[in-house]
1. Mind checking which residues of region 141-169 are aliphatic (A, V, I, L, M) and either in a loop (DSSP other than H, G, I, E, B) or more than 16 Å from Pro103 (Cα to Cα) (or both)?
2. Output the residues belonging to region 233-253 that are charged (D, E, K, R), surrounded by fewer than 18 Cβ atoms within 10 Å (Cβ to Cβ) and either in a helix (DSSP H, G or I) or in contact with a strand residue (DSSP E or B) (Cβ under 9 Å, 6 or more places away or on another chain) (or both).
3. If the Cβ limit is 8 Å and pairs must be 6+ apart or interchain, which residue in region 261-276 that is without any contact (Cβ under 8 Å) to a residue 60 or more places away in the chain pairs with which residue that is part of a loop (DSSP other than H, G, I, E, B) and surrounded by fewer than 22 Cβ atoms within 10 Å (Cβ to Cβ)?
4. Is there any pair with a first residue in region 155-166 that is closer than 12 Å to Gly121 by Cα and a second that is in a loop (DSSP other than H, G, I, E, B) whose Cβ atoms are under 6 Å apart and which are 6 or more apart or on different chains, and what are they?
5. Do you know which residues across region 279-300 are modelled with pLDDT of 95 or more and not aliphatic (A, V, I, L, M)?
6. Within region 186-206, can you find the residues that are assigned to a helix (DSSP H, G or I) and either under 17 Å from the mean Cα position of the chain (by Cα) or under 23 Å from Val244 (Cβ atoms) (or both)?
7. When you scan region 29-140 for helices (runs of 4 or more DSSP H) that lie fully inside it, which ones turn up with 3 or more residues that are of a type in the set (S, T, N, Q)?
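The values are calculated or read from the model by the stated rules, or taken from the named source; none is laboratory data. Remember, it's a predicted structure, so these values are computed and weren't measured experimentally. With ideal geometry, Cβ positions are generated from the backbone for all residues, glycine too; neighbour counts draw on all protein chains shown.
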Amino acid sequence: MMPSSSETITASASGTWKLGDLTVNRLGFGTMRLPQNGAAFGDGTPSDRDRALNVLRRAIELGVNHIDTAAFYFSPLRSANELINSALAPYADDLVITTKVGPGRDPSGAWVWATPEQLRGQVEENLRQLGRDHLDVVNLRLARSQATASVADHFGALAELRTAGLIRHLGISHTTPEQLAEAQGIAPVVCVQNAYGIGSPAEDHAFLRACGDQGIAFVPFFAIAGAGREEGSNDDRSEAELTVAGRHGATPAQVRLAWTLHQGPHVLAIPGTGNPDHLAENVAAGALRLTPEDLSLLAS
């Protein structure tokens, strides 16, 4: 069961994992939806700035110490990195900010993909926006069209920036086992960020387990949204999810997050929201312990 509503559940209830030498609570926060209302990269209206700042500050109050962001998370009037800087700087010593490079967006919002030589500029853009002298974790985000491509040139460029002290740890996102192995031959990889959730195919479950065997964090995105992806949750919930939620006095979104965390001690969750009530619900999901019966039902 969920603890009673009178208790304030913090992210520490989810347990911890290490990204390299950086310890984080397994329930973190993703900022993709902060810059605007509605779909992440659509034509949504700009978010309420004060509300977005308050959500970030409340996340820290609730024990979140792992925040996921990117310089390309912006709307015409809002930037996730700028909101983080305004809300949270000077940063707490235990706060880990993970960002990603590879994709970029020009002033019109159109997508562009960096060459290896352009990655330094993207790293420096994140440093400038966040007001940092180094980045804790940088993920190389790959395009759908790069599923079979070599990552050596791009990951090698980031490894050089790590050696130069601009980056502390490296990860890789939207990737395959083969690309992960290639990257690890160049520099240590502390995390893999891939789409993953209830209903993911068998090869995704196998990749998650393989990361755990190697001590690499697996950080799913769209764990709540599922097929809704950037558009957000579509409220299409299975009978199994509704049944398990009813058993625990939880929401289906909390069940999805709890299921995600149950997939292994190396699995981190980074749900995002601009709603302070949803934030508290997401953090509380770190305390939800599913039974073997629940997990069996959800697997079906």
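1. Within region 141-169, Leu142, Ala143, Ala147, Ala149, Val151, Ala152, Ala159, Leu161, Ala164, Leu166, Ile167 meet the criteria.
2. Glu239, Arg247
3. His262/Leu290
4. Listed pairs, sorted by first residue: Leu166/His134.
5. Glu281, Asn282, Gly286, Arg289, Thr291, Pro292, Glu293, Asp294, Ser296
6. Answer for region 186-206, where residues must be assigned to a helix (DSSP H, G or I) and either under 17 Å from the mean Cα position of the chain (by Cα) or under 23 Å from Val244 (Cβ atoms) (or both): Ala202, Asp204, His205.
7. Working: elements: 49-61, 80-88, 119-130.
Qualifying helices (runs of 4 or more DSSP H): 80-88, 119-130.
Quick grid of which residues meet (1) under 22 Å from Gly28 (Cα atoms); (2) in contact with an Asp or Glu (Cβ under 8 Å, 6 or more places away or on another chain); (3) surrounded by fewer than 18 Cβ atoms within 10 Å (Cβ to Cβ):
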| position | (1), (2), (3) |
| --- | --- |
| Asn126 | yes, no, no |
| Leu135 | yes, no, no |
| Ser145 | no, no, yes |
| Ala152 | no, yes, yes |
| Ala164 | no, no, yes |
| Asn194 | yes, yes, no |
